[in-house]
Structures are given as structure tokens and as C-alpha cells.
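One structure is given below, encoded as C-alpha cells.
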Amino acid sequence: MSDLPATMTAVLLTGHGGLDKLDPRDDVAVPAPKPGEVLIRVAAAGINNTDINTRIGWYSKAVKGATDVGGAGGFATVDDADASWSGTPLTFPRIQGADCCGHIVAVGEGVDPARIGERVLVRNMLRSYVDYRPYECWTFGSECDGAFAQFTVAPARETHRVDCDWSDAELASIPCAYSTAENMLHRAGLGAERVLITGASGGVGSAAVQLAKRRGAHVIAQCGAAKADAVKALGADETVDRDADPVSVLGPDSVDMVVDLVAGPGWPALLDVLRKGGRYATAGAIAGPLVELDVRTLYLKDLTLFGCTFQEDAVFENLVGYIERGEIRPVVAKTYPLVDIRTAQEDFLGKGFTGKLVLVPPR
């Protein structure tokens, strides 16, 4: 590592709260890879809901509101003790960033030096640090430092070489959003069926549209009217307006599966629109985490509900294959210099785009 700088530009999260808790610095020590790890020069890092949710402490059960309610200023009710993915308190400062595209520039003990130079993606739900125990993981950029920096470290066996002609920003759009979407489809076994996808213009939603079409599904995307054409261009067969009642538009018992990223007040209709024996999968609740469930709907319709966080190894491995075979392609709405992270997250919260926003560190 003698030819690498001693310090780097990085964004430090100094505590749970508003945008003021994001501190861009140019004097952060470049990390050294431990045994089994690689050092990556970050080329691009996508922005995700989880980055904002972690910053504002939204995962704490003390928070009742939607992400956007506290997205800029934070929440007053956060309990730091349970405000993370794992339920273990975060340590600060923390370098966030679940999405990492970059190049390996150094390796730790036990890692083949021939890997230096590889263009890679880091699996965002890391299992190495929890000894691959079932239903346990660390989130890159939450339980350990992530990609909002010029350099980062990651487990070698969860750092995947990717060979494709995509831009760095496109590749950086994949890890969190696409693995979250693919995991829901994988867990619930989506095939050539009718699927309703909420929040379909966002990063995870737009990924779910493409991945569901790849599986041969008839995709019904729920999104804002202004984004309907863009979502159809991703492969959606139909769209439903974001504020519409899907039961009124589609009819009761009309879809086989719901992929939900929104939750909130409109949640009961998502079970009503499912056919008997249908499946519901969720990995987000941007409109609010608390919903009203009529248990009679659940059992009288023989529904199955999937909560999707933990990912089997095949999920990320499959994504790399989809990329290299040209079966998917993300939409990058805009890129920003890393130091403009506050502006980028404000734009993210404004939801005036389709696809992904991506940060680019200094070269």
C-alpha cells in the first residue's frame, strides 16, 4: 500500500439526525485490509433509502412516521439502542454507503494478489462478519464502513468481479436496490404471474420492474402519473397511479403477488387485491411502518406474507450473472460529487426522478 495516499475524502456520519450529521472530510485515514479483506478504490456509490433511514434512525421502533417526515431534519424520538438494521447500536463516526463499485487496489493476508485491478461490486448484505449464520448479516455502510469515501474495505469472498461495458455509475446502482428487489422475487418465487409493484419509480421499485419482467411476469407498476411512461419503458405492462386505490382500478383478487416498498395508510388494499393463495413481499415502508391488518383477510384468503431482509448467497451471485449476460440495465437519473451528498439526499427525498442517484468520489 506504499503507493496509496495516507488520507482520503470521505463523508462521516457523526450521529443519528438530519443532513447536518453528514460531514464531508478530506483528512480521513485510508483503511488497511485485514486478513480476508480487499481494499477498494471507490469509483461510484449509489444512494438508497437505507442510507437515509440509518442516518435518521428510522429503524428504531420509537419512530412511527414515514421516511420523508424526518429525512432532512431527523426525528426527535429516536432510540439509539435499536436504530440500526441489526438492532445493535451504531458506532460513530460511520462512513455510510451500501452501494460500492470500484477497483481492488490492495489485498489482506490470505487473498490472492492477482485480484488487484479487478472491477468489482460489493455485496451489500455481508455474511462474512457473522460467520454465515442464517438470518444474520451486516449492512455495508451500517454495521461497518461503506462506500461514501475514496477507499473502502470489504470481505474478499463477498467482493464480486464484474465484467461488462457499463459505466461505474450504472454498476453502483445495483447492489442494494437490485439485490433487495431480487430477494423479494426469489423468496416469494415469482414466475410468469401478475405482480403489482408499489413505489415502482424508485431505485428498488424500478429494479423490481425489470427483474419481474425477466422472470416472465405481467408487471403492474404503481407510481406517480408523471413517471408512468418512464416506468413502462423499464418493462411495466400497466401502471396504476400512486394515489389510486388498486382494488378500484384492478379489481379484487386480481393479482398473484404484491411487491411492496410503500406500506402506510393504503396498505390494506394490497391484501384485498391479492387472489386467494396470493403472496405479499415487502422490504420497505417509505409511507409509514405502521399499518392496519384485518387478520380475517390474511387467513380467509390463505395469503402468505414475506418480510425480506436476509439474502441467500444466490441472490447476489444471480445479479452478477444478469449483468454480465445483459439481462438488466439500471437507470441513472443523476450523478453528484461525493462532497455534495447533502444536496443529493435532498433530491432523493424530493422523489422527482426515476431510477438511481449516484455519488462519485474524487479520483
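Got a number for residues in the range 102-121 being within 22 Å of residue 359 (Cβ to Cβ) and assigned to a strand (DSSP E or B)?
Counting residues in the range 102-121 that are within 22 Å of residue 359 (Cβ to Cβ) and assigned to a strand (DSSP E or B) gives 7.
Please go through the range 305-323 and give me each residue that is in contact with a Leu (Cβ under 9 Å, 6 or more places away or on another chain) and under 19 Å from residue 246 (Cβ atoms), ordered by number. Walk me through it before giving the result.
Taking the range 305-323 as the starting set, the residues that turn out to be in contact with a Leu (Cβ under 9 Å, 6 or more places away or on another chain) are 305, 316, 319-320, 322-323.
Once the filter is applied, which keeps residues that are in contact with a Leu (Cβ under 9 Å, 6 or more places away or on another chain) and under 19 Å from residue 246 (Cβ atoms), the range 305-323 yields only 305.
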> Tell me, which helices (runs of 4 or more DSSP H) lie completely within the range 203-295 with 2 or more residues that are within 16 Å of residue 184 (Cα to Cα), modelled with pLDDT of 95 or more and among the hydrophobic types (A, V, I, L, M, F, W, C)?
Replying inline: 203-214
> Within the range 193-235, how many residues are over 21 Å from residue 316 (Cβ atoms) and β-branched (Val, Ile, Thr)?
Replying inline: 5
> So residue 315 clears everything in (1) farther than 30 Å from residue 162 by Cβ; (2) touching an Asp or Glu at 6+ places or on another chain (Cβ under 6 Å) except one condition, right? Which one?
Replying inline: (1)
>> Within the range 116-130, take every residue that is free of Cβ contacts under 8 Å to residues at least 40 places away in the same chain and β-branched (Val, Ile, Thr) and give me the one that is nearest to residue 97 (Cα to Cα).
In response: 130
> Which of the residues belonging to the range 242-292 are among the hydroxyl-bearing types (Ser, Thr, Tyr) and closer than 16 Å to residue 223 by Cα?
Replying inline: 248
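Could you tell me which of the residues 277, 321, 307, 326 is in contact with an Asp or Glu (Cβ under 6 Å, 6 or more places away or on another chain) and surrounded by fewer than 16 Cβ atoms within 10 Å (Cβ to Cβ)? Show your work before the answer.
Values: 321 fails: in contact with an Asp or Glu (Cβ under 6 Å, 6 or more places away or on another chain); 307 fails: in contact with an Asp or Glu (Cβ under 6 Å, 6 or more places away or on another chain); 326 fails: in contact with an Asp or Glu (Cβ under 6 Å, 6 or more places away or on another chain).
Just one listed residue meets the conditions, 277.
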> Name the pairs whose Cβ atoms lie under 7 Å apart, with the first residue in the range 41-54 and closer than 21 Å to residue 8 by Cα and assigned by TED's automatic domain parsing to the domain that holds residue 351, the second part of a helix (DSSP H, G or I) and among the aromatic types (Phe, Trp, Tyr), and 6 or more positions between them or separate chains?
Replying inline: 47/348
> When both residues are 6+ apart or on different chains and their Cβ atoms are under 9 Å apart, which pairs have a first residue that lies in the range 204-231 and is assigned by TED's automatic domain parsing to the domain that holds residue 287 and within 14 Å of residue 331 (Cβ to Cβ), and a second that is buried (at least 24 other Cβ atoms within 10 Å of the Cβ) and of a type in the set (D, E, K, R)?
Replying inline: 206/356; 207/182; 207/356; 208/182; 211/182
>> Among the numbered criteria (1) outside any strand (DSSP E or B); (2) surrounded by fewer than 17 Cβ atoms within 10 Å (Cβ to Cβ); (3) modelled with pLDDT of 95 or more, which one does residue 363 miss?
In response: (3)
> Which members of the range 184-193 meet the condition of being closer than 15 Å to residue 260 by Cβ and either more than 13 Å from the chain's Cα centre (by Cα) or surrounded by fewer than 24 Cβ atoms within 10 Å (Cβ to Cβ) (or both)?
Replying inline: 185, 187, 188, 190
> Among the residues of the range 217-227, is there at least one that is surrounded by 23 or more Cβ atoms within 10 Å (Cβ to Cβ) and either of a type in the set (Lys, Arg) or out of contact with any Ser or Thr (no Cβ under 9 Å at 6 or more places or on another chain) (or both)?
Replying inline: yes
>> For residue 69, only one of the following conditions fails: (1) out of contact with any helix residue (DSSP H, G or I) (no Cβ under 8 Å at 6 or more places or on another chain); (2) modelled with pLDDT of 90 or more; (3) part of a helix (DSSP H, G or I); (4) of a type in the set (Val, Ile, Thr). What is its number?
In response: (2)
> Restricting attention to the range 72-125, and to residues there that are out of contact with any helix residue (DSSP H, G or I) (no Cβ under 6 Å at 6 or more places or on another chain) and among the polar types (S, T, N, Q), which single residue is surrounded by the fewest Cβ atoms within 10 Å (Cβ to Cβ)?
Replying inline: 91
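Of the residues that make up the range 33-53, is at least one of a type in the set (Ser, Thr, Tyr), within 20 Å of the chain's Cα centre (by Cα) and in a loop (DSSP other than H, G, I, E, B)? Let's see the steps before the verdict.
Of the residues in the range 33-53, the ones of a type in the set (Ser, Thr, Tyr) are 50.
So of that shortlist, the ones also within 20 Å of the chain's Cα centre (by Cα) come out as 50.
Narrowing further to those that are in a loop (DSSP other than H, G, I, E, B): none.
No, the range 33-53 has no match at all.
The values are calculated or read from the model by the stated rules, or taken from the named source; none is laboratory data. Nothing here was measured: the structure is a model prediction, and the numbers come from that model. When we count neighbours, we look across all protein chains shown, and the Cβ atoms used for this are built from the backbone with ideal geometry, even at glycine.
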